[in-house]
Structure formats: C-alpha cells, structure tokens
Amino acid sequence: MPIAANLWIMTSSIYHDPASANLWHPIAACAELRDGEVGRTTLLDEATAYRIGADGTASVWRSDAEGAKGGLPCRIQYGYIWTCLGDPPADLFEIVEYAEPDRRNMNAISIGVHSSAPRAIENFLDMGHFPFVHKGILGAEPHTEVKDYDVEISVERDEVLATRCRFFQPQSSAAANQGAEVDYIYRIPHPYCAVLYKTSAIDASRRDVIAIFAQPMEQERTRAHLLLSILDEHSDDSTLRRFQQTVFGQDKPILENQFPRRLPLDPRAELPIRADKASIAYRRWLARKGVTYGVIPVAA
Amino acid sequence: MWYPIAATQDLPFRHVYHAKLLGQELAAWRADDGFVNIWENRCLHRGVRLSIGVNTGTELKCQYHGWRYANRTAGCTYIPAHPDRAPPRVIANRIFPCAERHGLIWSSLEPPAGEPGSILADAVETLVLRGIAVHAPAALVTHALAKIQTGAVVFVQPVDTANCVIRGIVAPAPAPDIRMRALRHYNHLFSAVRDDIERAAGTE
C-alpha cells in the first residue's frame, strides 16, 4: 500500500473502507461556486471545504469548526470539483463525448437524498420503474415490459456495462415531441457514478449523455449531482435543467421510502427478476471490489 | 398480544395507512370488500414502503415498479416488467393478524390469543378519540395513565422502544350534540399527559 494511504488510515479518526476512501468523489458543481467563495460539504462522514481560486484551480481541505486541517488531492472534471480522502487513482473515468464542441454540458442539479449512494445508482440503472415513477415522461402503462438486454462486468475496464436496453418513452427528453422506443446504454465506471447514453431526439446517430455522480456524504445521506452532456440547440438551460429536476424529483421520494437505506449485496436479500440484471451485476461488482460504504455486505 | 395500531377512520376508501408496532412498520389498507389487510410495509422486490403504494380496491400496487399484491393472501399477482409471465406463487408479502373492533384496528406481531379489547361488548357504540403520539416508552405512559381517572377506555400502542400512541375510546358514545365537547376534553386531557411525561423524560 502506498505510504500516503497508510498515513491517512493511521491519522484519520473516521473509518472508511479503502475501496471508497481511495476513489475520486464529486463534492460540488463549479458553476455553483462564486469567485473565491468557500464551500463546505461532507464526504464519507468528514467535513470538507473547497474553493476555486482566481487562476481557476480548485483547492479542497479537511475542515471543522476551527478551520483548515490539511489539504486534499483535488481536480476539476466534467464541471465538478472532485477530491479523495485516501490515495487517489491517477485518472477519473472518461466520458469522451464531454469534449465534443457541439455538446451542451451542464450540471442539471445537485440534490440531497436521504439514502445511500448505491441505492441512488441502482435507481438510475433501472428501467422497470419508468411507467410508474416517471409516468408520461420516461414511460407509460401499458408499455411496462423490460425487454431482454445484455450486461457484462468488464474486467479489463473495471466497469459494469448494460447494452441493448430499449424502452418506450412518451417524452424521452426536453427536445422530444412524441413518444418513441429509446435505446439506452448504461455504464457504471465507479462504485458511486453511472453514465447513461440514450438516443438523441435530434440526431439518431448520436447519443445524449446523462451521468449521475453520487457523493456519499454519510452511509445513508447522499448528494446526487446530475451531469448533462447533450445535443439540443433550442431548449434554454432552465428548460433542460427543469426536465432533469422533474425526473429526479420523482425518484427522490421513492429512494427515501426504500429500506434498508443501504444497498444489500446478498443476492437473497431482495427479490430480483430478469429485468434487474444490471442491478444484480452492479451489486456483485461492488461486493467483489470490497465496497462497504453505503451497502450491507454479504455475510461471511 | 393484540394492540391497536389505527382507528377505523384511518382507513378510508382506497387509502393505505402507515402504522408501526413494536418497531415493525406496517401497511394497513381496506379492500373494497371490507377486508382489512395488515402487511409488512415493504415491497419484496426492492424494499419500497407499500404505504406509499396504490390501493386499487382489490390489490395493493407498489409505487416503484407496479408489482401488485392481492387482497387477503398478499400474493403477488402481477409483475409489469414481465407482463407475459405469471409471478411465481411463492411471492407473497408478510401478513400480520388483524381485527377491527370498537372502532379500532388491532394487530399483533405474534399469533395473538383471544379477542382484542374484550373488556367491552361488541354491541356498544363507541366514540374513538384522537390518537396521541407520545415520545416516551409505552410502559412509562401506561404507568402514568393508570394513576388517573379518565372515564375513557385507554390503550397504549407501543410504536417502538421510545414511542407510543395513546388510543382511547368512550363507550357508550356520548350523545351527538356533546361529542365535539367530549373530543376536545380528551384531547386536552391526553395532550397534558403527554406533555408531563415528555417533560419528565426530557423528550419533548
């Protein structure tokens, strides 16, 4: 284990599993921070503070009521400040579309959820709830069937990938003006982040990208940051944001009424069906990685 | 042992009532045929509370993925994600005993003995008082209530180790023209009991 990580584990008063501590975590959307302003938030039970300097670089530090206690690694990517409490990986996962010049990139919302980060990720991967939770937008009865799709856990890329996902949607995006069967690809490149690629309502050969970056504040408290990287020349920013905020506003009460709040990794803990292939793979992948924050681990 | 978990009036047409007994969350709902169902408040599929679900009159439909559970048996009848497949018969929610008596809904976490609230004859028309939630253990509240004469029949619903509900009934029911006065009287009386107990316990 690298020396930095060892030191951290010895000096920190709070325990996290190394699998979570040694990850990059999103803590704020840059666009929501005024010049020089210090923001404060919680990450893995620890108080952190952050700011963006005049030169555009971020700084993040552990903080408490008395103030600064030591700098943390940080980076700005996809419009968010990311930090790490342990030994961070060299890179964050890639979203290549983000760099395309005609994309609209923005944080649609950063919103608190009284649930664990893995519950929020699993909800993001789930198509079966569209006709019930997002009725008239992402789904509608009687179009409730979740058609068979493919899931793989890629060892080489260390991520979960669900492909060939298809679902009938009355209004798949702010730009859609009629119902359509929409193609989805889901990618989980990080235990608390997921990326969705869906057919663009404007250009069928390209895909809109919507990502959820879940910030595990506490085991059962999360801030969900939603990134949009989409093709839409006409809708204004507030229309695009409002669409995502409406959708997430429908998911939030479901998540907050889901128990246990931590995601159970034992396959027998809940009752998955064939439509839940992606969630089954996600739970298995978390267990294999040794993630314990925000989950109920499989009993030994 | 039977405990009251709700009043009859808490189960209006096609409502789902969120109750709790001894730490166990319950979803209570009346089907259109009058049958009262008391189930574990959790969909078997992904753990969402059934109390935020939809009472269709014959089934309870989960808000998350539309799974439906049948009146009486709690068996899962339909999984919308796979509309062409009948759900396996073994999928049934956990059922708790239920009795409706004296204007209260009664349940128990174990198979209970006898009839609930049997100190009263069934034929008596009752006035059900507003349930008063107290942030104190049931034993403490039962003890305090035993020391005062109220003129009502009082039951204490143990919600969990730190909370309970005072559920009182007046039998026979007062004449219609003085019912509102009676309700006010007991509301003040039991609210004062609650305030005293919470003050003493430091939980107000």
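The values are calculated or read from the model by the stated rules, or taken from the named source; none is laboratory data. Since the structure is predicted, the reported quantities are computational estimates derived from the model, not experimental observations. Please note: Cβ atoms are built from the backbone with ideal geometry, for glycine as well, and neighbour counts cover all protein chains shown. Heads up: the accessible areas ignore ligands, DNA and RNA and are worked out on the full protein's heavy atoms, side chains in. Shrake-Rupley method; radii C 1.70, N 1.55, O 1.52, S 1.80 Å.
Considering every residue within the stretch A:276-296, establish whether at least one is in contact with a Lys or Arg (Cβ under 8 Å, 6 or more places away or on another chain), part of a loop (DSSP other than H, G, I, E, B) and at pLDDT 95 or above. Yes, the stretch A:276-296 has at least one match. For A:Arg187, all conditions in the list (1) open to solvent by less than 30 Å² (accessible area, probe 1.4 Å); (2) of a type in the set (Lys, Arg); (3) farther than 23 Å from A:Leu265 by Cβ hold save one; what is the number of the exception? All conditions pass for A:Arg187, except number (3). Given the structure, is B:Asn55 in contact with a His (Cβ under 9 Å, 6 or more places away or on another chain) and farther than 20 Å from A:Pro260 by Cα? Against the criterion (in contact with a His (Cβ under 9 Å, 6 or more places away or on another chain) and farther than 20 Å from A:Pro260 by Cα), B:Asn55 qualifies. Looking across the stretch A:253-291, the residues that are aromatic (Phe, Trp, Tyr) and in contact (Cβ under 8 Å) with a residue 60 or more places away in the chain come down to A:Tyr282, A:Trp285. Just a yes or no: is a residue in the stretch A:38-59 charged (D, E, K, R) and within 14 Å of chain B (Cβ to nearest Cβ)? No, the stretch A:38-59 has no match at all. The residues listed here are A:Pro260, A:Pro253; of these, the one that is part of a loop (DSSP other than H, G, I, E, B), within 14 Å of chain B (Cβ to nearest Cβ) and either within 26 Å of A:Arg284 (Cβ to Cβ) or at pLDDT 95 or above (or both) is A:Pro260.
In the stretch A:17-69, the qualifying residues are those that are acidic (Asp, Glu) and open to solvent by less than 30 Å² (accessible area, probe 1.4 Å), and the one that is modelled with the highest pLDDT is A:Glu46. Taken together, the residues in the stretch B:44-61 that are at the interface with chain A (Cβ under 9 Å from one of its Cβ atoms), touching a residue at least 12 places away in the same chain (Cβ under 8 Å) and farther than 18 Å from B:Pro88 by Cβ amount to 4.
The set of residues in the stretch A:126-148 being open to solvent by less than 10 Å² (accessible area, probe 1.4 Å), assigned to a loop (DSSP other than H, G, I, E, B) and either more than 10 Å from chain B (Cβ to nearest Cβ) or closer than 15 Å to A:Gln171 by Cβ (or both) consists of A:His134 alone. May I ask you to verify whether A:His114 is more than 19 Å from the chain's Cα centre (by Cα) and open to solvent by 40 Å² or more (accessible area, probe 1.4 Å)? No: the conditions fail for A:His114. Cβ-Cβ distances below 7 Å connect the following pairs, each with a first residue in the stretch B:123-152 that is over 24 Å from B:Gly23 (Cβ atoms), a second residue that is open to solvent by 70 Å² or more (accessible area, probe 1.4 Å), and a separation of six or more residues or different chains: B:Val124/B:Pro172; B:Glu125/B:Pro172; B:Val128/B:Gln9. Taken across the stretch A:191-210, residues that are under 30 Å from B:Asn93 (Cβ atoms), in contact with a Ser or Thr (Cβ under 9 Å, 6 or more places away or on another chain) and either not hydrophobic (A, V, I, L, M, F, W, C) or not in a helix (DSSP H, G or I) (or both) do not occur at all. Just one residue in the set B:Ala70, B:Ala31, B:Ala27 is in contact (Cβ under 8 Å) with a residue 24 or more places away in the chain, open to solvent by less than 40 Å² (accessible area, probe 1.4 Å) and more than 14 Å from every other protein chain (Cβ to nearest Cβ); that residue is B:Ala31.
Within the stretch B:75-98, identify whether any single residue is open to solvent by 30 Å² or more (accessible area, probe 1.4 Å) and among the polar types (S, T, N, Q), and answer yes or no. Explain how you work it out, then say what you get.
Of the residues in the stretch B:75-98, the ones open to solvent by 30 Å² or more (accessible area, probe 1.4 Å) are B:77-78, B:83-86, B:88-90, B:92, B:94-95, B:97-98.
In the following step, the residues that additionally are among the polar types (S, T, N, Q) were identified as B:77.
Yes, some residue in the stretch B:75-98 is open to solvent by 30 Å² or more (accessible area, probe 1.4 Å) and among the polar types (S, T, N, Q).
If the condition is being more than 16 Å from the chain's Cα centre (by Cα), more than 23 Å from B:His18 (Cβ to Cβ) and either aliphatic (A, V, I, L, M) or more than 12 Å from chain B (Cβ to nearest Cβ) (or both), then the stretch A:269-283 contributes A:Ile273, A:Ala275, A:Ile280, A:Ala281. Filtering the stretch A:83-106 to residues that are assigned to a loop (DSSP other than H, G, I, E, B) and small (Gly, Ala, Ser) leaves A:Gly86, A:Ala90.
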